[in-house]
Amino acid sequence: MLTTIDHFIARGAYTQANNLLSTTSLLNARQKNIVRRFYNDSHLIKKHLEWSHHGIWRTFRFWTTDEKIAYLRNCLDIIKLLESLCPFVSFGFGSVLGFARDKDFIPHDDDMDIIVAFRDEPGIKYQHTLTLIEAALEQKGIKSYNHHVSHMTASGM
């Protein structure tokens, strides 16, 4: 398996490497973290990439201040857009933790978390709110994917 991961990393096939490590039952969680750290130290960090729980990405550790400012402005535009659907939209999770703790993005993270909380109204289902969010994002050219019960991923602004 590690030979296959080596092959994927050498080719830049990072999604395949991450999928292989994530789905293998040959290693436990601690061992998988050791593998991630090994590839970070030996291959990825020098390419300004990092293997985190999200996969292999250019984490905030490698972003310039200007890149962070532009990204934050885009996120604020998304929040403003989503506030047209409901008033309960804010940054959350690691996005807030990083600013509360260090006044910066968490270095090993690679995304901002935005929370949208609709009022609990009779007859309103999660799928309906998800459809509203997707439609609003799509109007601005933002694609959503990785839909889970608690969250989705969006990119493209």
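The values are calculated or read from the model by the stated rules, or taken from the named source; none is laboratory data. Because the structure is predicted, anything quoted here is derived from the model rather than measured. Cβ placement follows ideal geometry from the backbone for every residue including glycine, while neighbour counts extend to all protein chains displayed.
Taken together, 30, 73 contain a single residue that is out of contact with any Ser or Thr (no Cβ under 6 Å at 6 or more places or on another chain), farther than 30 Å from residue 120 by Cβ and not assigned by TED's automatic domain parsing to the domain that holds residue 117, which is 30.
Within the stretch 86-137, the set of residues being among the basic types (Lys, Arg) and at pLDDT 90 or above comprises 101, 103.
Within the stretch 124-145, residues that are without any contact (Cβ under 8 Å) to a residue 24 or more places away in the chain sit with their Cβ atoms under 6 Å from residues that are in a helix (DSSP H, G or I) and among the acidic types (Asp, Glu), at 6+ positions apart or across chains, in these pairs: 144/134. From the list 98, 92, exactly one residue is under 20 Å from residue 146 (Cβ atoms) and assigned by TED's automatic domain parsing to the domain that holds residue 149. Which is it? Within the list 98, 92, the selection yields 92.
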